[in-house]
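The values are calculated or read from the model by the stated rules, or taken from the named source; none is laboratory data. Since we're looking at a predicted model, the values are computed, not measured. Positions of Cβ are backbone-derived with ideal geometry, glycine not excepted, and every protein chain shown enters the neighbour counts.
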Amino acid sequence: MSHSISAAVLHELSTPFRLETLTLEDPVDDEILVRIVSAGICHTDIKVSKGYAGVPLPVVLGHEGAGIVEQTGKRVMTLVPGDHVLLTFDSCGSCPQCSTDHPAYCDNGQTLSFSCLGRHRMSPLTLNSERVYGNFFGQSCFASHVISNERNTVKVDDEFPLEKLGPLGCGFQTGAGAILKVLQPSSGQSLAIFGAGNVGLSAVMAAVIAGLDPIIVVDKNVKRLAMAQKLGASHAIDAGNEADTVAQIHRITGNIGVNYSLDTTNSPALVRQAFESLANRGSCIHSGGGGKDLTFPGTHLLHGRSVQGVIQGDSNPRVFIPQLLNYYRDGLFPFDQLLSFYPLAEINRAVAEMSAGQVIKPVLQMP
């Protein structure tokens, strides 16, 4: 049996998405058919649509989906039709990283995320009998329905609004995980965050939960800096007006520097600033998407400072996403303040407004 679905298809790099009616095959083995309710748009989707990672075309992108299980393959043991679920990154479950509870660093993760080739078949999607690539991050959720698998499908309580949950599958768990899972700081330690997008602002919320002080946020978008302070940042530095951001951070910290810094920008100059802002024995987390060469002053490094790259906040989504939802329910992780909603048919407007910095996290709502 097959299903007729709506999907935003990328036919050529750096061109608008086109809304198409596709055919989606039934789930097999450990696969799951999910009706998508909402899907966040991530900067990775935009980068990939311009050529990053070399995904095959035509393709359906999207990797922050939330929805309801409609059908399961015969090997699925933990989910049943009607379950509310959140989709996240895929992982193999058997490599050394997965086996030691670090699925974000799965040895097969790049292939599972970017090859757009399924575990059991090339792709479950066709357009007029021609293959369309799917399985992006194990989901391809810029669509009304997707095929996911048991490892990247997280059951969530029905009390949580599916129309808001999609971004927890990537961007929000990335920023929050960088603080709570990777740094695991002590209350009262200091932090500087470079970039006040959805990753940086989710890190602000996590830093407040962890009791960090001061929490310094650096950006050139004054509206996002205001949001950072609304969410609990103690200081906001306008990088567009501040001549020496590093010096300003040192002034705030009594010329010591911060215990921790987080870069979310993928700008080599800003990654260097994040590193130079550190106190002795401080740690800098780089979670800006990678792909660029970085340099650091060696003398500064010798004083016990470190730089660490992070993917997906080093999250085990089956554990960490429910934890974030509990924080949300308790009013401690109000990620919904960052969301702007668009119908699937307006995906190109959503991408344009995100790229222009007009919205923080666009979320597509499905027909």
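Residue-wise test of (1) surrounded by 13 or more Cβ atoms within 10 Å (Cβ to Cβ); (2) closer than 28 Å to Val48 by Cβ.
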position	(1), (2)
Ile252	yes, no
Thr264	yes, yes
Asn280	no, no
Gly290	no, yes
Arg318	yes, yes
Ile321	yes, yes
Criterion (assigned by TED's automatic domain parsing to the domain that holds Ser148 and either among the acidic types (Asp, Glu) or surrounded by fewer than 20 Cβ atoms within 10 Å (Cβ to Cβ) (or both)) met by exactly one of Leu117, Leu87 | Leu117
Helices (runs of 4 or more DSSP H) wholly inside region 190-265 that include at least 2 residues being more than 20 Å from the chain's Cα centre (by Cα) = 222-231, 245-252
Quick check, is Leu301 closer than 27 Å to Glu163 by Cβ and in a helix (DSSP H, G or I)?
-> no
Being touching a Pro at 6+ places or on another chain (Cβ under 7 Å), crowded, with 20+ Cβ neighbours inside 10 Å and not polar (S, T, N, Q) narrows Ile41, Ile32 down to just Ile41
Would it be correct to say that Cys141 is within 23 Å of the chain's Cα centre (by Cα), part of a loop (DSSP other than H, G, I, E, B), modelled with pLDDT of 95 or more and farther than 12 Å from Arg151 by Cβ?
-> yes
May I ask you to verify whether Phe172 is crowded, with 24+ Cβ neighbours inside 10 Å, among the aromatic types (Phe, Trp, Tyr), within 23 Å of Ser340 (Cβ to Cβ) and in contact (Cβ under 8 Å) with a residue 60 or more places away in the chain?
-> yes
May I ask you to verify whether Leu57 is in a loop (DSSP other than H, G, I, E, B), at pLDDT 95 or above, under 15 Å from Gly134 (Cβ atoms) and of a type in the set (A, V, I, L, M)?
-> yes
